[in-house]
1. Name the residues in segment 516-531 that are crowded, with 20+ Cβ neighbours inside 10 Å and either farther than 18 Å from VAL457 by Cβ or in contact (Cβ under 8 Å) with a residue 60 or more places away in the chain (or both), would you?
2. Tell me which residues, restricted to segment 469-499, are among the hydroxyl-bearing types (Ser, Thr, Tyr) and closer than 30 Å to GLY553 by Cβ.
3. Considering only residues that are in contact with a Leu (Cβ under 9 Å, 6 or more places away or on another chain) and more than 30 Å from LEU56 (Cα to Cα), look in segment 288-313 and name the one that is surrounded by the fewest Cβ atoms within 10 Å (Cβ to Cβ).
4. Check whether at least one residue in segment 359-380 is surrounded by fewer than 23 Cβ atoms within 10 Å (Cβ to Cβ), touching a Cys at 6+ places or on another chain (Cβ under 9 Å) and either part of a strand (DSSP E or B) or not assigned by TED's automatic domain parsing to the domain that holds ARG221 (or both), and report yes or no.
5. If you take the residues of segment 41-67 that are outside any loop (DSSP other than H, G, I, E, B) and touching a Cys at 6+ places or on another chain (Cβ under 9 Å), which of them is nearest to ASN220 (Cα to Cα)?
6. Quick one: which residue in THR145, THR117 is without any contact (Cβ under 8 Å) to a residue 40 or more places away in the chain and not acidic (Asp, Glu)?
7. If ASP386 passes every condition in (1) at positive phi; (2) in contact with a strand residue (DSSP E or B) (Cβ under 6 Å, 6 or more places away or on another chain) but one, which one does it miss?
Amino acid sequence: MQNLLRTYLIFFLHMAIAAVVNGNPTTVFLEAESFDNHGGWKLDTQFIEEMGSPYLLAHGLGTPVADASTSFNLESSGVYHVWVRTKDWVARWQAPGTPGRFKLSFNDQILPTDFGTEGAEWSWQYGGTVQAVKGANAIRLIDATGFDGRCDCIALTPQKTAPPNGSGVLPPWRRKILNVSESPVSHGPYDLVVTGGGYAGISAAISAARMGLTVALIQNRPVLGGNGSSEVRVWAKGLIRRGKYPRIGEIVEEFKDNAKKSPGTYEEFGDTKKEAIVQSEDKIDLFLNMHAFAVEKDSSQSRIDSVTALDTRTSKTHVFHGTLFCDATGHATVADCAGAETTIEPTGRMGMSNMWAWDELSEPVAFPKTPWALPLTMDDFPYPRDHHGQWFWESGFDKDPLHDAEGIRDWNLRAVYGAFAAMKNGDGAPDHTNAVLTWLAFVGGPRESRRILGDVVLTQDDIVTKREFPDGCVPSTWSIDLHYPKEQYAAKFPDNPFISIAVHDRRVDRSFGYPIPYRCFYSRTITNLFMAGRCISVTHKALGTTRVMQTCGMMGEVVGKAASVAIRNNQSPRGVYEKHWSELAELLDLPGQARRVTPSAPIQIPENSLQRAGSHGPPTGRDPAKLASQLSASILDDRQATYRGNWKEGHGLEGYIGYGYRYASAGSDATATFTFQSPESGSYDVLVSWQPHPNRGSTVPVSIQSNEKNTTTTLNMREAPSIQDAFENAGEVDAIKGEKIIVTIGTDDAGGLAHADAVLLVPKN
């Protein structure tokens, strides 16, 4: 299959191909993706591996999209038979109706045929004859419904004979009749070739480039971000900048989205920001709209020499030569082409989501009848509250995620259209007169497919037992989150449910994170292949925590720096672990903005680098280290205190120090104890921090103990502190150098909730 696909793609033609033999016309071939103007049609590149080509998709949410158009030249006039490679996308389910209908206009004459109405599989549909003229001829695709009509290519033939169909037959025919010979465009060599432009690939490219490597970043879509782009709109989860190496995640911090919900808005996902950051790195060559589909290996068959990709806009092939490669495709596409050892769950996989959004206008709006959609009532799906259909609109659990991905996506489309039809035209109609469908992702968000096996295959047991690996580095903070069909909504479609439920194993440290080993980030069989993202070396259950995007991004940061160590020392990814782990560990503790001109040049750290976070991440409130520095004080945050009794964590009151605060009920016998060691001999003021609230105590006891001296005062935590709106003086203490100073906040007779945020020890001088 790989060889057939490769052959097919290598000989894809740009724009239109026409030939004249002895004055007689022969076949004209036009690829839809190479049309001069796509109009409102979308370029769909998701399914090249299964159907062999990108295609145009009329994704108008029930409103016909603007025409796609192109032109081609002929040396003589003639009569041609028209063939369009398309499909009836609901026919595989014997659904009534043909939602993907479209017309074809030839030189402004609309053909009578409704295309997209025949065949459950991609095939040639006949459209009658046209009179072509010498010189320029124009073609338009005219969408009839707005419901996802699709066109792969168009052939004009002198006889009424359908062109051969299928990826295994069409290329030889095309080469023979058109005598085509095309050489791929060559790029490189690069130090690192990264395939996949999601969070993992972006981070790997930036990280490597800043360490002096030359990098090619290849992405098969017009935008970067993958599932975290405006096309899919999965918001970035997984905490960053924490754990053993809290500098990891600083690169992710630069480009991550700021979505308030999933799905959010187009603007919140910052496609242009991601691209601008990548383009600003002069050592990265960015190649958008490039679908990688083949590799060349060296004579040992254990190393990749190059990756071959199809330009989905021009249909030219490009070859990227490199020393090291990183598979960040999610599907392990490069690894599979290279024959790397991979695995995939036979059943019980997590599925693909296509999220959606709707709105309410000030006046009524209609929605077309959709007899071909899933026949749903309002009880058949969770109501899309807050005007959006979330991540749990998910299907494909036991379907083939690689070779039936289009079918999974199309089922999701039928489910969403069926749900919205129930809202508009079914039993939900009285309440949704003004409702309008505003967005539905035509690019699916997959969670699970192939994974590449590395020297370590991380398991659920490793994570929950906190097994320590010497190369543990990327903190995974998401719970072990696995998705299954939700029984409540599966009764109508037990073979293909479309609503999921997340089952969480929460035995993951959500603050510090579980350190994923570096040895999960390179192939055990292809010696120069890294991987980052959801295709790393983990089991199905471990994938539940490692797959979220910010965690994937941090993997890329590690891979980029590891690649620089490998290039610097002429080592393989495995050799970095075996011989140069300490060198990599030093790089992992550098700011994300650190850079060097070459892999061996001195490291430069810009002044605007982020302040190093702590093991539990950057402070979400006022930075305790900065406060301590400003006041020449010693500070202890609430995370550094010891507690007795029932204290709850809080984050809702603004102005807190560090990561949050704690509070406990009056009279609960609870205490919070902050223990200092006097940095020098002398007198100190003890300052206590809190955020005022009417439910706080007016007489909260605070004791200060030193050298067997103990003083107690009470603080009114209903009122704002007087020092920097954060601190109040609770007393002073004399101490010699190294002496313990113990400050305890109690709850006895507090008169309300006791609040523990931070305590400062300030020299009186």
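1. Listed by number, the residues that qualify are PRO517, TYR518, ARG519, CYS520, PHE521, TYR522, SER523, ILE526, ASN528, LEU529, PHE530, MET531.
2. Going residue by residue through segment 469-499, those that are among the hydroxyl-bearing types (Ser, Thr, Tyr) are 476-477, 479, 484, 489.
SER476, THR477, SER479, TYR484 - these are the residues of segment 469-499 that are among the hydroxyl-bearing types (Ser, Thr, Tyr) and closer than 30 Å to GLY553 by Cβ.
3. In this case the residue turns out to be ARG303.
4. So far as segment 359-380 goes, no, none of its residues is surrounded by fewer than 23 Cβ atoms within 10 Å (Cβ to Cβ), touching a Cys at 6+ places or on another chain (Cβ under 9 Å) and either part of a strand (DSSP E or B) or not assigned by TED's automatic domain parsing to the domain that holds ARG221 (or both).
5. We begin by selecting, within segment 41-67, every residue outside any loop (DSSP other than H, G, I, E, B); these are 42-44, 48-51, 55-59.
Pick out the ones that are also touching a Cys at 6+ places or on another chain (Cβ under 9 Å) and you get 55-58.
On the way: TYR55: 13, LEU56: 15, LEU57: 16, ALA58: 19 Å.
In this case the residue turns out to be TYR55.
6. Values: THR145 fails: without any contact (Cβ under 8 Å) to a residue 40 or more places away in the chain.
Just one listed residue meets the conditions, THR117.
7. (2)
Results for (1) under 29 Å from PHE147 (Cβ atoms); (2) outside the structural domain of GLU394 (by TED's automatic domain parsing); (3) surrounded by 23 or more Cβ atoms within 10 Å (Cβ to Cβ); (4) aromatic (Phe, Trp, Tyr), shown as yes or no for each residue.
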site	(1), (2), (3), (4)
PHE420	yes, no, yes, yes
ASP471	no, yes, no, no
TYR484	no, yes, no, yes
ALA491	yes, yes, no, no
PRO494	yes, yes, no, no
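The values are calculated or read from the model by the stated rules, or taken from the named source; none is laboratory data. Keep in mind the model is a prediction, meaning the values are calculated, not measured. For neighbour counting, all protein chains shown are included, and Cβ atoms are generated from backbone atoms with ideal geometry for every residue, glycine included.
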